[in-house]
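First up is the structure itself, then whatever we jot down about it.
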Amino acid sequence: MTVAAWLRARADDDRPGLRSVDDGRSWTWREVVAECEDRARRLAARSRPDRPAHVGTLLDNVPEMVFLLGGAALSGAVVVALNPTRGAAELAGDAERANCDLVVTQPRHAELAAGLAAGVGDGRAPLPVLDIENEIYLDPPAPALPAVPFEPDPGTLLMLIFTSGTSGRPRAVRVTHRKVVVPGENLAGRMLTAGDAVYCPMPLFHSGAVMAAFAPALAAGAELVLRSRFSASRLLPDVREHGCTYLHYVGKALSYVLATPPDPGDARNPLRFAFGNEAAPREQEAFAERFGCRVVDGYGSTETAISLSADPSAPPGALGRLTDGVKVLDPATGRECPPARFDGAGRLLNGDEAIGELVNTRGLGLFDGYYNEDAPDRLRDGMFWSGDHAYADENGYAFFAGRSADRLRVDGENFGAAQVERVLADLPGVRQLAVYGVPDAASGDQVMLALAADGFDPAAFAAYLRGRADLSPKWPPRYVRVAPELPATASNKILKRSLAREGWRTGDPVWWRPGRDLAYRRMTPDDAARIRGEFERRGRLHLLEGNG
């Protein structure tokens, strides 16, 4: 089965197929397929003699993203999902490494797209940029273009989706038809029928929304309901208005929804399932109770070399049971870590020996490699090393213990510590610096910065951050540790693992910003106690105790 075969199976389906809640437009599946066939002709016309066209998409969750994805499936073209949260120079590098031939965008991202159109730095050539709201976007008329005689196989490349590696430079993950079909069939078979509606507020430039919203909706023939950008306050009204039975989320989305004012009638809605990853255990429970649905939180990554499914019989907070070949290994020795031991309160007793890296020891799963790039940090001895730390109990249930210090995920966005370090490299008065991830109380990570300096001026630091146009919105540090010197090896390599283990619980002075504003203040013992209490309230205290 391929995405193209799924689309052809919907060609005569007059049931609801796609809806945009932002402007009220809707299409039947028959109409969706017709739009996809139109884009297939246009993309095929742009193919090169040596390879199919690579079309970069700088788009929110708009219907055109679905039409282009379907057009690529039917023509052999490749959609390069560009992330609009990145800076212009970084996007230009991404587009170059992914061999983009053109970029499709919308007015909201015009400034970023202008950089691609002009060519940004290092002698990069300008790219043709098409605006979907320009009246000539769809010229020439599709009938003037030839039909597309193309039949993909499961291994045919469909998309390139970027993720961050420990080097800090994003890698383009090869997303084949197989990589989309397998999770789509699995989720559709478990949670959807043709009469259902899938709510998709998460960005389609990430793999989660493609594999856990678009794919199962298409597989089941359910309606795909798009919101261009996630809104916590609009989620329940959208679900009710459009009869959504299934919600896809990532990271803190459930937490943001739970922060909206509750109503006694919240559970009166059609939602049956919320499926995603990285929600805190307490948030999962609270969301399920408040909105009257089942929350299924799994583990996976863009590479999909390792996937763990939620198990109703699992202990609270578990990612799921380790599958055949997936083990927790000591990254230093390669040996399997012993089972975790807990005290009567459920606290991890042997974190030093039980916490290791999640590894697929039998191969690569659904991972088809990175585009034009090797990954020795991920692929070693025929095994896939995830870079994610975990521990497993005696029954094989795995618990997330954080990411390696050089890979961070903040509010659903992946990036490398080296990217942030490059931006901060010329901070005045700093002898050494290191950026690393520390656990967030709700989901994912927070950015922490350690400085070797004689002092710290929080107002000057905030002003420096505001003046950096190359600082992504997710990169400003939440915590800043200041020390005379940073721990280092004999070869002067900073011991990030040690810094990350201590986090903000250190004898060195720590400044932090409690809110969204770039306003830092000295952390007090009361602040530390409140943060710890927040971890405990959300069922994530083990992330601190396992790293302490």
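Quick notes on this structure:
- Test for Gly507: is it exposed (fewer than 12 other Cβ atoms within 10 Å of the Cβ), within 30 Å of Ala280 (Cβ to Cβ), at pLDDT below 90 and out of contact with any strand residue (DSSP E or B) (no Cβ under 6 Å at 6 or more places or on another chain): no
- Residue in the stretch 189-209 that is nearest to Arg294 (Cα to Cα), counting only those that are more than 21 Å from the chain's Cα centre (by Cα) and outside any loop (DSSP other than H, G, I, E, B): Met191
- Residue match in the stretch 354-362 (condition: part of a strand (DSSP E or B) and polar (S, T, N, Q)): yes
- Residue in the stretch 529-536 that is among the small types (Gly, Ala, Ser), surrounded by 13 or more Cβ atoms within 10 Å (Cβ to Cβ) and part of a helix (DSSP H, G or I) present: no
- Leu69 vs. criteria in contact with a strand residue (DSSP E or B) (Cβ under 6 Å, 6 or more places away or on another chain) and modelled with pLDDT under 95: no
- Residue ID - surrounded by the most Cβ atoms within 10 Å (Cβ to Cβ), chosen from residues in the stretch 310-324 that are modelled with pLDDT of 80 or more and part of a loop (DSSP other than H, G, I, E, B): Leu319
- Among the residues of the stretch 230-244, none qualifies, meaning not one is in contact with a Ser or Thr (Cβ under 6 Å, 6 or more places away or on another chain), in a helix (DSSP H, G or I) and surrounded by 18 or more Cβ atoms within 10 Å (Cβ to Cβ).
- In the stretch 213-229, the residues that are modelled with pLDDT under 95 reach residues that are surrounded by fewer than 22 Cβ atoms within 10 Å (Cβ to Cβ) with C-beta atoms within less than 8 angstrom, at least six apart or across chains, in these pairs: Arg229/Asp60.
- Of all residues in the stretch 349-369, those that are not assigned by TED's automatic domain parsing to the domain that holds Leu541 and of a type in the set (Ser, Thr, Tyr) have Cβ atoms under 8 Å from Cβ atoms of residues that are assigned to a loop (DSSP other than H, G, I, E, B) and at pLDDT 90 or above, 6 or more apart or on another chain, in Thr361/Gly325.
- When we screen Ala441, Ala459, Ala483, Ala453 for residues that are within 29 Å of the chain's Cα centre (by Cα) and small (Gly, Ala, Ser), the only hit is Ala441.
- Residues located in the stretch 297-309, provided they are aliphatic (A, V, I, L, M) and either in contact with a Ser or Thr (Cβ under 6 Å, 6 or more places away or on another chain) or in a loop (DSSP other than H, G, I, E, B) (or both): Ala305, Ile306
- Within the stretch 48-60, residues that are assigned by TED's automatic domain parsing to the domain that holds Asp101 reach partners that are surrounded by 13 or more Cβ atoms within 10 Å (Cβ to Cβ) and among the aromatic types (Phe, Trp, Tyr) with beta carbons closer than 8 Å, at six or more positions or on different chains, in the pairs Thr57/Phe205; Leu59/Phe205.
- Asp517 vs. criteria in a loop (DSSP other than H, G, I, E, B) and in contact (Cβ under 8 Å) with a residue 24 or more places away in the chain: no
- Yes/no for Gly17 being small (Gly, Ala, Ser) and over 22 Å from Leu157 (Cβ atoms): yes
- Beta carbons closer than 6 Å, at least 6 apart along the sequence or on distinct chains, pair a first residue in the stretch 19-41 that is within 13 Å of Val148 (Cα to Cα) with a second that is among the polar types (S, T, N, Q) and in a helix (DSSP H, G or I) for Ala40/Ser75.
- The number of residues in the stretch 268-292 being surrounded by 21 or more Cβ atoms within 10 Å (Cβ to Cβ), part of a loop (DSSP other than H, G, I, E, B) and more than 19 Å from the chain's Cα centre (by Cα) comes to 1.
- Exactly one residue out of Leu433, Leu427 is in a strand (DSSP E or B) and either buried (at least 21 other Cβ atoms within 10 Å of the Cβ) or not small (Gly, Ala, Ser) (or both): that is Leu433.
- Residue that is modelled with the highest pLDDT, among those in the stretch 378-424 that are part of a loop (DSSP other than H, G, I, E, B) and touching a strand residue (DSSP E or B) at 6+ places or on another chain (Cβ under 7 Å): Gly396
- Filter result (farther than 24 Å from Leu544 by Cβ and of a type in the set (Gly, Ala, Ser)) within the stretch 421-470: Ala425, Gly429, Ala452, Ala453, Gly455, Ala459, Ala460, Ala462, Ala463, Gly467, Ala469
- Here the stretch 460-504 is the region considered, the condition is being over 23 Å from Asp440 (Cβ atoms) and touching a residue at least 60 places away in the same chain (Cβ under 8 Å), and the residue that is surrounded by the most Cβ atoms within 10 Å (Cβ to Cβ) is Asp470.
- Scope the stretch 17-32; condition more than 24 Å from Ser75 (Cβ to Cβ) and out of contact with any Leu (no Cβ under 9 Å at 6 or more places or on another chain); matching residues: Asp23, Gly24
- Hits in the stretch 239-265 (condition: farther than 29 Å from Trp27 by Cα, touching a residue at least 24 places away in the same chain (Cβ under 8 Å) and not β-branched (Val, Ile, Thr)): Gly251, Lys252, Ser255, Tyr256, Leu258, Ala259, Pro262
The values are calculated or read from the model by the stated rules, or taken from the named source; none is laboratory data. Worth saying up front: this structure is predicted, and the values here are computed from it rather than measured. Methodologically, a virtual Cβ is constructed for each residue, glycine included, from the backbone with ideal geometry; neighbour enumeration extends over all protein chains shown.
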